[in-house]
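Where a number appears in this text, it was derived from the coordinates with a stated rule and is not lab data. Remember, predicted model here, so these are calculated numbers, not experimental data. Note that we place each Cβ from the backbone using ideal geometry, even for glycine, and neighbour counts take in every protein chain shown.
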Amino acid sequence: MSKLEHKINSVGDSNASPSTKLIYENQLSLFYRYSNVVNNLEDLIKYPSDILQNELEGYCDFLNFCVAQDELSPNSVAQKFAGIKNALENNYRENDIKWKPIKNKFPQKQRLSGYKPYPNEFLQKMPYKAKTSRNTAVILFQNSIGGRDKISLQKFFMKY
């Protein structure tokens, strides 16, 4: 290999955590399975930009179809491109792809929770189910100030 040849950097060469690298590799393998022209990282890096652009837009359309069939959450479509984008950035191809048209095709994200507050009956049972007096105090405080939003209580209990 001469000094002028470019070494292909894999996802493992990035500074991401091991679990993120595993997710990126999984996302890349899903794209390889969809694609007719890209089968590995070397193909992804060396492929012409215009054809790769069309392939990525087609992949986005395929993911949108999966969302329409309720096979995939609309919130996960953007994350399916994170591994591809990371691989292209690691190999200095991030400016070859126009990401804005692809992002414009992403479906609108769904709000997963927080539409309605917890009902009074559930809030009355919560203090008795708390494991510590500290959690009981937080539940009673949230209830007294009207903080019945599911998200705020769930975020609190996810920490402890």
TODO: First obtain the Kirkwood hydrodynamic radius of the stretch 11-104 from its Cα pairs, then insert it into the Stokes-Einstein equation at 20 °C and 1.002 mPa s, and state the resulting D in µm² per second as a whole number.
DONE: 158 µm²/s
- [ ] For Gln108 and Phe122, compute 0.36 nm times the residue count separating them, minus their Cα-Cα distance, and round to one decimal in nm.
- [x] 1.9 nm
- [ ] Within 10 Å of each residue's Cβ, count the other Cβ atoms and sort Tyr59, Tyr34, Tyr47, Tyr128 from fewest upward.
- [x] Tyr128, Tyr34, Tyr47, Tyr59
